[in-house]
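> Pasting in a structure now, in structure tokens, and then I'll have a few things to ask.
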Amino acid sequence: MEKIKGKAWKFGDNIDTDLIIPARYLNTTDPKELAKHCMEGVDSEFFKKVKIGDILVAGKNFGCGSSREHAPIAIKACGIACVIAESFARIFYRNAFNTGLLILECSDAAKNTETGDELEIIPEEGKIINLTKNKTYFIKPLPGFMKEILKDGGLIPHIIKKYKII
């Protein structure tokens, strides 16, 4: 997994899937269309401000609410390279990996990062560096099978590749 470097976008606790992608947009599965409404429930201008490779940072229980896969798809499609949070709702956690979105739990990094901070993430080393504040945080490196799923772009592409289905 490659190093990630981008601007942080900070959000609070209990950001539910309806804030990530409001239910009125669930009539499509087109990632480009979902991206236009990503985080609209919290910041209606988010899609216009975020750049490819940026990093979303949040507090506790990110992705709570319904089990819609639209939420991590929207986040990934709008260019977010990684989500760092104090904690994730379990169904969102699994859906993120299934859709190929890198997420990392790191309470210290989440608490001490602000919007605009420049972050560098080295997934292989379990390292998050806040370049703005000159602080380094460590997480447990991801298990090998999770890295494989992410590298392949999500669970379905991983299964297709692994079992040579198509």
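> Only one residue in ILE149, ILE159 is surrounded by 14 or more Cβ atoms within 10 Å (Cβ to Cβ) and either over 20 Å from GLY63 (Cβ atoms) or among the aliphatic types (A, V, I, L, M) (or both), so which one is that? Steps first, please.
Working: ILE159 fails: surrounded by 14 or more Cβ atoms within 10 Å (Cβ to Cβ).
Testing whether each residue is surrounded by 14 or more Cβ atoms within 10 Å (Cβ to Cβ) and either over 20 Å from GLY63 (Cβ atoms) or among the aliphatic types (A, V, I, L, M) (or both) leaves just ILE149.
> Run ARG68 past the list (1) more than 12 Å from the chain's Cα centre (by Cα); (2) surrounded by fewer than 19 Cβ atoms within 10 Å (Cβ to Cβ) and report the number of the one that doesn't hold.
Only one criterion is unmet by ARG68, namely (2).
> Six or more apart or on different chains, Cβ atoms under 6 Å: show the pairs whose first residue is in the stretch 72-97 and surrounded by fewer than 24 Cβ atoms within 10 Å (Cβ to Cβ) and of a type in the set (Asp, Glu) and whose second is at pLDDT 95 or above and part of a helix (DSSP H, G or I).
Listed by first residue and then by second, the contacts come to GLU86/SER107; GLU86/ALA110.
> Just checking, which of ILE4, ILE15, ILE21 is of a type in the set (Val, Ile, Thr) and in contact (Cβ under 8 Å) with a residue 60 or more places away in the chain?
Details: ILE15 fails: in contact (Cβ under 8 Å) with a residue 60 or more places away in the chain; ILE21 fails: in contact (Cβ under 8 Å) with a residue 60 or more places away in the chain.
Answer to the selection: ILE4.
> Against the definition (buried (at least 17 other Cβ atoms within 10 Å of the Cβ), in a helix (DSSP H, G or I) and in contact with a Gly (Cβ under 8 Å, 6 or more places away or on another chain)), how does LEU19 come out, yes or no?
On the way: buried (at least 17 other Cβ atoms within 10 Å of the Cβ): yes; in a helix (DSSP H, G or I): yes; in contact with a Gly (Cβ under 8 Å, 6 or more places away or on another chain): yes.
In short, yes.
The values are calculated or read from the model by the stated rules, or taken from the named source; none is laboratory data. This is a predicted model, so every value here is computed, not measured. With ideal geometry, Cβ positions are generated from the backbone for all residues, glycine too; neighbour counts draw on all protein chains shown.
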